[in-house]
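Contents: one structure, followed by commentary.
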Amino acid sequence: MVLYEWQKHSLRSVAMRDMGKKIYIPHRKERTTVKINNLLIKHYLKNVMFINGTAYAGKSTMAKMLADKYGLIHCGENYDCIPTEILTPDKYPNLYYTFNVKDWQEFINRTPEVYAKWISGNTQELIEFEITYLISVSKTQKVIVDTNLPIDVLREIADYNQVAVMLSPPSMSIEHFFDRDDKNFFKEKIMESENPEKTMANFLNCMARINSKEIYDEFAESGFFTIVRNDTANDTKAEVIEILAKHFGLIN
C-alpha cells in the first residue's frame with residue numbers, strides 16, 4: 001500500500017511497504033519553475049514585425065502606416081498588453097508606479113537618474129507581457145509593433161528580417177520632443193508647476209538621459225536593419241515605408 005501526502009506544493013512520503021521493504025519517495029524542496037525555450041517563442045512570433053529605436057525617429061508613424069497599407073494588426077507606442085489585475089507593487093514596482101504616484105508634478109519632477117532607472121525597469125517588466133500578448137494576437141495574422149523589447153531579447157526571439165531599428169540623433173530626440181501632439185500633455189503639466197523653467201530643464205534632462213549617445217550606439221551597433229533620420233525639413237514617409245516594407249518582406 002502506498003500513501004502520499006501533499007504539503008506546500010511538494011510530495012512527501014508518508015509510509016510505504018511493499019513485500020516487506022520500506023521505500024521512500026524523495027522530498028521535493030524546490031517548486032518547479034516554468035521555462036520556455038526561446039526557439040519556441042521565436043516560432044510563435046513568426047508573424048510579428050518589430051520596430052524599435054530612439055525617440056523622434058518615426059517608429060510610431062511607420063508602424064501605423066504599414067498596418068494601414070498592408071492590413072496588419074497594429075500595436076502602437078505603449079500599446080495596452082497588460083492585464084492590470086495581474087499587476088502588484090511587489091512583483092512589478094515600475095509598472096505599478098503610475099497607480100501609486102501622488103500626482104503628475106511628482107512624475108515630471110523626478111531626477112534624470114530616477115527617471116532613467118524607472119524607464120529601464122519598465123522595459124524589463126514589460127517583456128513577459130509583450131511576448132505573451134504578441135503570441136496571442138499573431139496566430140493567424142501578421143502584426144507590426146512599435147516595441148519596447150530590448151535588443152538582446154529581440155536577437156533571441158526574432159530573425160533579422162523581422163526587426164527594424166529606427167534612429168534619430170540624440171540632439172534631435174530632445175529638441176523635437178514636444179513637436180508631437182501626444183507629448184503636449186507633459187508640456188501642459190510642466191507649465192502648471194511652481195517653477196516651469198526649472199521643471200522644463202529637469203524634464204529635458206530626463207529625456208536626454210534616456211536618449212543618450214550610449215543608448216543610440218547600442219541600437220546602431222545591434223546588427224539589425226537600421227534607418228537613421230537626419231532630415232526633418234522634408235517629408236520622407238513614402239520613401240521610408242517602402243524601404244521597411246521591402247525589409248519585412250511585405251513587397252518584393
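The numbers here are math on the coordinates, done by the rules we state, and not lab data. Just so we're clear, the structure is a prediction, and the values are computed from it rather than from any experiment. A quick note on method: Cβ atoms are made from the backbone with ideal geometry, for glycine too, and the neighbour counts reach across all protein chains shown.
Quick notes
- Straightening the chain between Lys183 and Gln124 buys 18.9 nm, computed as 0.36 nm per residue apart minus the Cα-Cα spacing.
- Label reach from Ile86 (point 7 Å along Cα→C-beta): in region 141-183, amide nitrogens under 19 Å belong to 145-150, 153-154, 157.
- Look at the Cα gyration tensor of the chain: its axes a ≥ b ≥ c give a/c of at least 1.5 with a/b at or below b/c, and that counts as oblate.
- Full extension of the chain between Lys35 and Glu194 gives 52.3 nm of extra length, using 0.36 nm per residue less the Cα-Cα distance.
- Karplus-based coupling profile of region 222-233, in residue order and whole Hz: 5, x, 7, 4, 9, 10, 10, 8, 10, 10, 10, 7, with θ = phi - 60° in 6.51 cos²θ - 1.76 cosθ + 1.60 and x standing for Gly or Pro.
- Of all DSSP beta bridges confined to the chain, the antiparallel ones make up roughly 35%.
- In this rough spin-label picture, where each label sits 7 Å from Cα along the Cβ direction, the Lys64-Asn78 distance is 1.4 nm.
- What the phi angles of region 63-79 give under the Karplus curve with 6.51, -1.76 and 1.60, with θ = phi - 60°, is a coupling list of 4, 5, 5, 5, 4, 5, 6, 10, x, 9, 5, 9, 10, x, 4, 6, 4 Hz, glycine and proline written as x.
- Two-site label geometry, Thr98 and Asn230: point separation in nm, points 7 Å out along Cα→Cβ: 3.6
- Ranked by the mean number of other Cβ atoms within 10 Å of their residues, highest first, the peptides 190-199, 40-49, 236-245 fall in the order 40-49, 236-245, 190-199.
- Cα centroid separation - region 154-211 against region 46-82, whole Å: 17
- Efficiency of FRET from Cβ geometry, Gln141 and Lys117, R₀ 25 Å, rounded to 0.05: 0.10
- Sites His176 and Gln105 - FRET efficiency at Förster radius 30 Å, r taken between beta-carbons, to 0.05: 0.80
- Charge dipole of region 35-247 about the Cα centre (unit charges at C-beta), most positive-ward option of Thr54, Gln162, Met207: Gln162
- The chain, relative contact order [Cα under 8 Å, separation at least 6], %: 27
- In this structure, the amide hydrogen of Val228, modeled 1.01 Å from its nitrogen in the peptide plane, lies closer than 5 angstrom to those of Leu167, counting only residues at least 5 positions away or on a different chain.
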